[in-house]
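The values are calculated or read from the model by the stated rules, or taken from the named source; none is laboratory data. Just so it is clear, the structure is predicted and the values come from calculations on it, not from any experiment. Ideal geometry is used to build each Cβ from the backbone, glycine not excepted, and the neighbour counts take in all protein chains shown. Side chains are part of the model used for accessible areas, which takes the heavy atoms of the whole protein and leaves out ligands, DNA and RNA. Shrake-Rupley method; radii C 1.70, N 1.55, O 1.52, S 1.80 Å.
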Amino acid sequence: MNSENQAITKEAQLEWSGEYMVDGCGFKLTIDGKDYKPEDEAVIGDEFKQEEATVPVKVTYTETGEMIDRRCGLSTQDRSMPGIRIVSIERL
């Protein structure tokens with residue numbers, strides 16, 4: 001088994017920037033100062049959708065080993081981030 005498949009539990013900051021269909025960019029997790037994009041954002045409950053707020057969370061995840069590039073919003077900037085797969089997430 002390689003290290004990319006091992007679940008990691010960390011405290012993180014979860015940021016919601018709105019629904020993709022209305023020019024938002026979904027969720028972003030900041031863990032140890034580095035930004036990650038959840039590949040499975042649908043597992044994050046609606047209670048975490050607070051725009052303009054960063055929510056402290058405890059997240060268990062695995063690294064996908066791939067970059068996720070979601071072109072979103074009105075921005076043309078590169079928003080690619082390392083991908084993670086969420087196992088569980090809860091508020092701190």
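Yes/no matrix, rows are residues, columns are (1) open to solvent by less than 40 Å² (accessible area, probe 1.4 Å); (2) modelled with pLDDT under 95:
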| site | (1), (2) |
| --- | --- |
| LEU14 | yes, no |
| SER17 | no, yes |
| GLU41 | yes, yes |
| ASP46 | no, yes |
| GLN50 | no, yes |
| THR62 | yes, no |
| ILE84 | yes, no |
Among residues of the stretch 64-78 being open to solvent by 60 Å² or more (accessible area, probe 1.4 Å) and outside any strand (DSSP E or B), the residue modelled with the highest pLDDT is ASP69
In the stretch 24-32, is there at least one residue being of a type in the set (A, V, I, L, M, F, W, C), over 16 Å from ALA12 (Cβ atoms) and either surrounded by 18 or more Cβ atoms within 10 Å (Cβ to Cβ) or in contact with a His (Cβ under 9 Å, 6 or more places away or on another chain) (or both)? yes
Output the number of residues of the stretch 19-44 satisfying the condition of being over 12 Å from the mean Cα position of the chain (by Cα) and closer than 20 Å to GLY83 by Cβ. 5
Within 14 Å of GLY83 (Cα to Cα) and among the acidic types (Asp, Glu): is that true of GLU66 in this structure? yes
So ALA42 ticks every box in (1) without any contact (Cβ under 8 Å) to a residue 12 or more places away in the chain; (2) assigned to a strand (DSSP E or B) but one. Which box is left unticked? (2)
